[in-house]
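Here, each number is a calculation from the coordinates, and none is a lab measurement. Fair warning: this is a prediction, and the values are worked out from it, not measured in the lab. Cβ placement follows ideal geometry from the backbone for every residue including glycine, while neighbour counts extend to all protein chains displayed.
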Amino acid sequence: MKIKKLIMFTSLYFFIMPFGFSKTIDIKMLNKGSDGQKMVFEPAVVFINKGDSVNFISVNKGHNVASMDKKGSAPKGVSKWKSKISKDYLYKFDIEGIHGIKCKPHLVMGMVGAVVVGNTHNLETFSKVKLTGRAKKRFPEILATIKSKSTKQRSIASEAHAEEIVEKAVDVIQLQKDVTELKTAIEEIKEKLSKLESK
């Protein structure tokens, strides 16, 4: 009975292992950021891997988060999405590229940002997005952050991801070793039982 449970646990471990590498990053929706700017996502730009999620936290009431609906503001194939006002929202990013985000009620007040997923292949089209009001003034800063940090951040994320994979691989090797030792012990017990029964 214990062996069956161990085999089931091992099978389950190998089944869920590929899904265990995703991360969740927090972005706060604020009336005032740590730098004194009003109506902001903090941080305004995050760098994640494909399959990671972003938890948009409604720290102050009256905000929401939505995909930008301007031409070129997201990679091809991305569907529009939005949260409810004053509610936290978890969104999983499965398509690589730069995803523009906005707070619909405060867009003209400059509440925009970006989620960079894996790479910046759509940087050229994203940089041509036309915004109005304070969003137009903040947009160049977002672009500058993406251009200056994308390579460095992706490198750091890749290294961290690689380290996690190595750690998981070590765990798997240890688990395989434990299973092998358990199988050997079971065979020894069977052999002893067989000898006892034959007496």
> Which residue, chosen from Ile27, Asn55, Gly133, occupies the Cα position most advanced towards the positive end of the dipole of the stretch 17-149, where the dipole is computed from +1 (Lys, Arg) and -1 (Asp, Glu) charges on Cβ about the Cα centre?
Replying inline: Gly133
> What net charge is computed for the residues neighbouring Pro43, neighbours being all others with C-beta under 14 Å from the C-beta of Pro43, Lys and Arg scored +1, Asp and Glu -1?
Replying inline: -1
>> Using a Förster radius of 41 Å, what is the FRET efficiency between Lys82 and Phe21 based on their Cβ-Cβ separation? Nearest 0.05, please.
In response: 0.90
>> I'd like to compare 49-61, 137-149: which one has the highest average count of other Cβ atoms within 10 Å, and what's the full order after that?
In response: 49-61, 137-149
> According to the Cα gyration tensor, what semi-axes, each the square root of 5 times an eigenvalue, does the equivalent ellipsoid of the stretch 17-149 have, listed from largest to smallest in whole Å?
Replying inline: 21, 18, 13
